[in-house]
Structure formats: C-alpha cells, structure tokens
C-alpha cells in the first residue's frame, strides 16, 4: 500500500498529500531535499523526508563548483619586496598585494606628515617585506 505524505518547508504551510513516486520526482527536480519536513499516516510528528524515502533513492546533489586556486599567486614575491624597499613609504607594495587598507594608512602617514613619519613607515615596511608571504586572498606569492 502506498501511503500519502504531506510535505512542508520550514516556515511554510503543509502542502497537499503526495505519493512516493511524486516525492521522488520532486527531489529529482530539486523542489525538495532530504531535510524537507514531511508527515505521513502513522507518524506522531513531522520528520525529515529522509526518514520516509530510502537514502539510495535520493538523488545525489553534486558539490558546488568553486574556483580552484593555483599553487601560487601570479604576483612575484621579488616584486613585493622591491616595491616595499623603493616605494614602501607610499604603501605601493601593499596595494600590489591587495592590502588596500594598509596601503592607504602608509600613504596617508607619509603624505599628511610631510614625510616626518616616513621613518616609522620605513620600519613598518621592512617588517612587512620580511614577514608577509601571501597576498590579501591568502594565496602565496610565486
């Protein structure tokens, strides 16, 4: 005997009764998933539809495709170091690596102080070029 099932999404009103074949079709089309709540005759409470349909009949949803990062960045570390040494007081090396906030801070410190804080920014740059080995997205320099 094919029991009828009521299905619902969280926060929604229950939908009409469906038979097992219709539920399988709805899952295949992506209208419902294994966590969709359902109720059938003989149940005391709403439960995930996976308790009614065998797991083998549920369509396997492929993992979302995310862009794959390469092993290294297209930004060379040598360029980061040279920019830090020669133009570091203006934060150019940080703009190059994607650290826009740090770059703006270094640029403003140098320009607004008329160069009086350039020595402080230079020390900051030396520390950065010795310790930073990844760009702002976390990809290691090449």
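Contour minus end-to-end for residue 86 and residue 137, with contour as 0.36 nm per residue of separation and end-to-end as the Cα-Cα distance? Working shown, then result.
Numbers: separation 51, 0.36 × 51 = 18.36 nm, distance 2.39 nm.
Contour length minus Cα-Cα distance gives 16.0 nm.
Let me know the shape class of region 97-142, please: from the alpha-carbon gyration tensor, a ≥ b ≥ c as square roots of the eigenvalues, rounded when a/c is under 1.5, otherwise prolate if a/b is greater than b/c, or oblate.
On the way: a/c = 4.54, a/b = 1.91, b/c = 2.38.
Taking the square roots of the gyration eigenvalues as a ≥ b ≥ c, region 97-142 is oblate.
List residues of region 85-110, by number, whose backbone nitrogen lies under 14 Å from a label position 7 Å along Cα→C-beta of residue 116.
Label zone hits: 109-110.
Taking the number of other C-beta atoms within 10 Å as the exposure measure, put 124, 46 in order starting with the fewest. Please report the intermediate quantities before stating the final value.
Values: 124 20, 46 16.
Listing 124, 46 from fewest to most nearby Cβ atoms yields 46, 124.
Rank these for me by crowding, 131, 22, 51, going from fewest to most other beta carbons within 10 Å.
Details: 131 7, 22 14, 51 11.
In increasing order of surrounding Cβ atoms, one gets 131, 51, 22.
Grab the Cα-Cα distance for residue 108 and residue 52, subtract it from 0.36 nm times how many residues apart they are, and report the gain in nm with one decimal. Show your work: numbers first, answer last.
Details: separation 56, 0.36 × 56 = 20.16 nm, distance 6.36 nm.
Difference between extended and current length: 13.8 nm.
Rule-based calculations on the coordinates, nothing more; no lab input. All figures in this text were calculated on a predicted structure; none of them were measured in a lab. In this analysis, Cβ positions are derived from the backbone assuming ideal geometry, glycine residues included, and neighbour counts consider all displayed protein chains.
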